[in-house]
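Read the figures in this text as sums done on the coordinates, not as results from a lab. Being a predicted model, the structure only gives us computed values, none of them experimental. Methodologically, a virtual Cβ is constructed for each residue, glycine included, from the backbone with ideal geometry; neighbour enumeration extends over all protein chains shown.
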Amino acid sequence: MIELFSVTKRYASGQVGLDNVTLKIDAGQMVFLTGPSGAGKSTFLKLIYCEEIPSSGSILVNGRNVSSLPRRKVPYLRRTIGVVFQSFRLIPRKTVFENICYLPRILGSSAQEQKELAYETLRRVSLSHRMNASPHQLSGGEQQRVAIARALMNQPEILLADEPTGNLDPELSEEILRLFLEINGQGTTVIFATHDRDLIQRVGRRVLTLEAGQLTGDQKLPGELNDAIGPGQGTMGPGQGTIDLEEEA
Amino acid sequence: MTFSQAISYFLREACSSLVRSWKVSLVAISTITMSLFLTGVFLLVSSNLRQLISGWEEESKLVLYLETAATVEDQKRLINKLEQAEWASSVNLVTATEGAERFRQAFPSLGELLEGWGDGAIPSSLEIVLNRQALPAQADFDSWLESLRHDTAVSTIDDDRDWLTQLEAVVFAVEALGMVLGLVLLVTAVFTISSVIRLTAYLYRDEIAVMRLVGATEFFIRGPFYMEGVLQGLVGGGCALVTLAGGHYLLLRQSADSPLSLLADKFLGPAELLSLLALGGLAGFIGAITSLRRESLGQTAEVDPEWEQEG
Ligand SMILES: Nc1ncnc2c1ncn2[C@@H]1O[C@H](COP(=O)(O)OP(=O)(O)OP(=O)(O)O)[C@@H](O)[C@H]1O
Ligand SMILES: [Mg+2]
């Protein structure tokens with residue numbers, strides 16, 4: 001569960017990233033975050049994974065107040081949050097396996113455990129056959145799936161995505177979106193920032209709209225894909241939202 | 001992850017980084033090698049010199065050359081006076097004949113010279129072996145010497161310690177010079193290692209950002225870099241020791257009887273060798289710490305410009 005209480009983020013430069021935002025996202029929800037460029041979408045996500053500290057207000061992530069989290073505790077919070085970006089942030093010098101195994105390696109998993117975990121996780125993104133490939137041998141969509149796998153390695157409770165489809169063509173975008181819906185269906189809270197209104201329209205779900213740092217909209221859209229599943233997805237618990245998506249595809 | 005697992009993880013990461021960027025590592029390692037080699041040379045020379053000096057000091061004597069006119073009574077009186085001083089562990093009379101004999105043995109080729117000079121060429125003398133433990137305060141000792149010097153039967157006094165003291169001053173100067181030079185070079189080496197590690201961290205900044213993103217602690221992010229610094233220092237120190245040992249061996253083989261080999265006769269002891277090695281490791285560690293000191297904590301996105309082509 002994520003809760004924001006009157007959160008404002010003012011950057012050192014004076015730019016306002018987020019302006020007095022209060023909202024609550026339940027565990028297992030899938031939420032879209034939208035708004036024009038510079039509206040504060042990335043800022044919103046950065047505040048959740050503690051890349052930035054709010055100027056005022058407080059943020060609770062799974063009951064922990066992260067706005068006053070000491071720096072040295074941030075890594076432990078991040079292990080429970082997966083983050084995916086528009087630019088996939090894969091390391092070109094490393095294989096897919098190495099790219100997704102940074103955390104397990106540090107946590108002291110054996111080589112065998114790492115292999116098994118990597119295989120299982122890559123299977124969730126349908127890439128288990130590319131374990132030893134280099135990122136540059138993969139298509140953009142595949143690279144993003146590797147980045148998603150990396151985010152999923154530690155079974156995070158929350159998955160944040162900052163314009164994950166920004167570099168992908170519409171068809172691949174939808175494929176990636178389905179993957180997120182599927183992951184959400186397995187119980188992970190997902191916050192998906194995008195300005196692709198079209199994509200959101202097709203899926204529905206809860207949509208938060210930011211403008212100049214302010215929360216100007218919080219609606220539940222029905223959506224085409226959504227209609228096939230049933231109403232009320234916005235606040236649904238884990239495992240219910242996306243059952244039919246696989247068949248839809 | 002246990003501590004030993006962490007250390008072995010750091011070692012693996014550091015080794016692979018050393019191998020990957022071996023050219024810059026080589027630069028860092030060779031500066032360490034140079035500075036520690038030089039420090040080692042100075043250490044070697046000064047410790048040998050000290051040993052020589054302390055050997056000479058053990059054997060150092062006070063020699064009273066007597067006037068040729070000195071009578072047997074004079075000799076007895078002086079011997080008596082000398083034996084009263086508790087720091088004179090032995091007093092030995094060397095007669096003129098014995099003195100001449102010694103001279104002939106020491107300088108056989110100059111024997112004829114002695115014949116030419118005749119009987120009075122070498123005066124009789126009193127040799128006093130000093131007991132270093134029993135020596136009085138310098139002032140007391142000096143006034144005692146002075147009283148001997150004024151004795152009518154004494155012509156001159158030869159105190160070995162005079163030139164030994166001067167030699168000690170020379171050794172001290174050599175040591176100071178070595179220390180300053182070694183320190184300057186070591187500081188240079190620390191800076192080199194620091195730059196090399198900063199460069200490495202810059203090259204891997206994308207990886208560092210990803211590690212922060214997935215929840216790696218600073219301990220795990222920085223550990224490999226610290227380890228890399230320590231390894232560079234240790235390898236550099238090891239190279240310095242090998243060079244030192246090799247140079248020492250060659251020197252002794254090539255010129256065993258030259259005075260030069262006297263200065264490098266005995267090799268450094270294990271404690272000194274270990275200290276040099278540890279100094280290398282420490283220099284590397286300090287280099288690594290200074291290189292990452294300004295590295296911002298916790299930021300995930302010290303990001304490659306390529307990554308941020310959003311929109
Ligand atoms: N590190 C920063 N320093 C200063 N100002 C910043 C920083 N990051 C963001 N901002 C400012 O904060 C505001 C919100 O930026 P943010 O990146 O959150 O927007 P966004 O909704 O993600 O935009 P986009 O759709 O272009 O990614 C903008 O005005 C931006 O200029
Ligand atoms: Mg953004």
Ordered by residue, what ³J(HN,Hα) values in Hz, to whole numbers, does region A:204-220 give under the Karplus form 6.51 cos²θ - 1.76 cosθ + 1.60, where θ = phi - 60° and Gly and Pro are x? x, 5, 6, 10, 9, 10, 10, 9, 6, x, 9, 7, 9, x, 8, 10, 10
Rounded tilt (10° steps) of B:160-203 against the dominant C-alpha axis of chain B: 10
Hey, in the GNM for chain B with a 10 angstrom Cα cutoff, which one of B:174, B:214, B:154 fluctuates hardest? B:214
Once you charge only the Cβ atoms, +1 for Lys and Arg and -1 for Asp and Glu, what is the size of the charge dipole of chain B about its Cα centre, to the nearest 20 debye? 1380
Considering the dipole of the protein assembly as shown built from charges on the beta carbon (Lys and Arg +1, Asp and Glu -1) around the Cα centre, which of A:33, B:233, B:245 is farthest to its positive end? A:33
Just to confirm my numbers, what's the Cα centroid distance between region B:156-207 and region B:269-288 in Å? 13
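Add +1 for every Lys or Arg and -1 for every Asp or Glu among the other residues with Cβ under 11 Å from the Cβ of residue A:1, and state the total.
Numbers: positive: A:24, A:64; negative: A:3, A:26, A:157.
Summing Lys and Arg as +1 and Asp and Glu as -1 gives -1.
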For region B:68-152, with +1 on Lys and Arg beta carbons and -1 on Asp and Glu, the positive-most of B:108, B:82, B:69 along the dipole: B:82
Taking every residue of A:85-94, the Cβ atoms of other protein chains inside 10 Å of its Cβ average out to 5
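Over the Cα atoms of chain B, what is the Rg over Rh ratio if Rh follows Kirkwood? All intermediate terms of the calculation are to be shown ahead of the outcome.
Numbers: Rg = 32.1 Å, Rh = 25.0 Å.
Answer for chain B: 1.28.
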Given the candidates B:213, B:26, B:145, the one whose Cα lies deepest towards the positive end of the charge dipole of chain B, counting +1 at each Lys or Arg C-beta and -1 at each Asp or Glu C-beta, is B:213
Projected label distance in nm at residue A:37 and residue B:167, using a 7 Å step from Cα toward the beta-carbon: 8.3
In chain A the DSSP beta bridges are antiparallel at a rate, in percent to nearest 5, of 55
In region A:6-63, the chymotrypsin sites (Phe, Trp or Tyr not before Pro) that fall in loop regions by DSSP, at most 15 other Cβ within 10 Å: A:11
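How large is the charge dipole for region B:68-152, taken about the Cα centre, if only the Cβ atoms of Lys, Arg (+1) and Asp, Glu (-1) carry charge, to the nearest 20 debye? It would help to have the intermediate numbers written out before the result.
Values: 7 positive and 14 negative charges, 28 e Å.
Here the size comes out at about 140 debye.
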Antiparallel DSSP beta bridges within the protein assembly as shown, percent to nearest 5: 65
So if I average 1/r over every pair of distinct C-alpha atoms in the protein assembly as shown and take the inverse, what Kirkwood radius in Å does that give? 30.3
Counting sequence-distant residues (5 or more places) and residues on other chains, those with an amide H built under 5 Å from that of residue A:85 are A:162
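What size of dipole, in debye to the nearest 20, comes out for the protein assembly as shown about its Cα centre when the only charges are +1 on Lys and Arg C-beta atoms and -1 on Asp and Glu C-beta atoms? All intermediate terms of the calculation are to be shown ahead of the outcome.
Values: 48 positive and 66 negative charges, 467 e Å.
My answer is approximately 2240 debye.
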Cβ-Cβ cut-off under 9 Å around residue A:179, Lys and Arg +1, Asp and Glu -1: the net charge is +1
GNM on chain B, C-alpha springs below 10 Å: top fluctuator among B:124, B:30, B:60? B:124
Gyration tensor (alpha-carbon) shape descriptor, region B:68-152, a/c threshold 1.5: prolate
